[in-house]
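The values are calculated or read from the model by the stated rules, or taken from the named source; none is laboratory data. Everything numeric here is computed off the predicted structure, so don't read it as measured data. Glycine gets a Cβ as well: all are built from the backbone with ideal geometry, and neighbour counts include every protein chain shown. Accessible surface is based on the protein model in full, side chains and every heavy atom, while ligands, DNA and RNA are left aside. Shrake-Rupley method; radii C 1.70, N 1.55, O 1.52, S 1.80 Å.
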Amino acid sequence: MDNHSYNFPSDCTPLTNCKSARKPAGSTAVNMGDAGKCPPRDYLLWSLCNTFYVNFCCLGFMALIYSIKARDQKTLGNLQMAQECSDKAKWYNILAAGWNLLIPLLAIALLVLLLVHLGTSKGNFDFFGEDGFQNFMNLFSW
């Protein structure tokens, strides 16, 4: 092919800037959603730990249910519902973790108070000395 078979406008050649043959450029918009916003967390691992530990009043189980719902909604693309379920899972996890820490602490405090009270009452209740076990067993003898 030779260059004479092509028809170019007089002011336009293939290697130059041809303004008359150029069409106006259009615009394309691509919606990427909220690019700066992170998807909501689902707190699934925390919910599993709370479910398998003490699980007082089934708070850990409720947290697990909302964690799974948050993960499902995030997968479906419904970020608003996923955020609501994530918030509920978070608060159920906080309540469950609070109860999981509070119950053993209350049991330890009750045991310490019992030992202090028995140590100050009449008689000698030395549970940590040489005869500690025998003194402890004397509490239950009539």
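Have a look at Ile108, Ile103 and point out the one that is open to solvent by 50 Å² or more (accessible area, probe 1.4 Å), under 30 Å from Phe136 (Cα atoms) and touching a residue at least 40 places away in the same chain (Cβ under 8 Å).
Exactly one of Ile108, Ile103 is open to solvent by 50 Å² or more (accessible area, probe 1.4 Å), under 30 Å from Phe136 (Cα atoms) and touching a residue at least 40 places away in the same chain (Cβ under 8 Å), namely Ile103.
Is at least one residue of the range 62-84 at pLDDT below 85, among the polar types (S, T, N, Q) and surrounded by 10 or more Cβ atoms within 10 Å (Cβ to Cβ)? Explain how you work it out, then say what you get.
Residues of the range 62-84 that are at pLDDT below 85, as a first pass: none.
No, every residue in the range 62-84 fails to be at pLDDT below 85, among the polar types (S, T, N, Q) and surrounded by 10 or more Cβ atoms within 10 Å (Cβ to Cβ).
Test Trp142 against the criterion of being open to solvent by 80 Å² or more (accessible area, probe 1.4 Å), of a type in the set (A, V, I, L, M, F, W, C) and modelled with pLDDT of 95 or more, and give yes or no.
Answer is no for this residue.
In the range 90-100, is there at least one residue being modelled with pLDDT under 90 and open to solvent by 60 Å² or more (accessible area, probe 1.4 Å)?
yes
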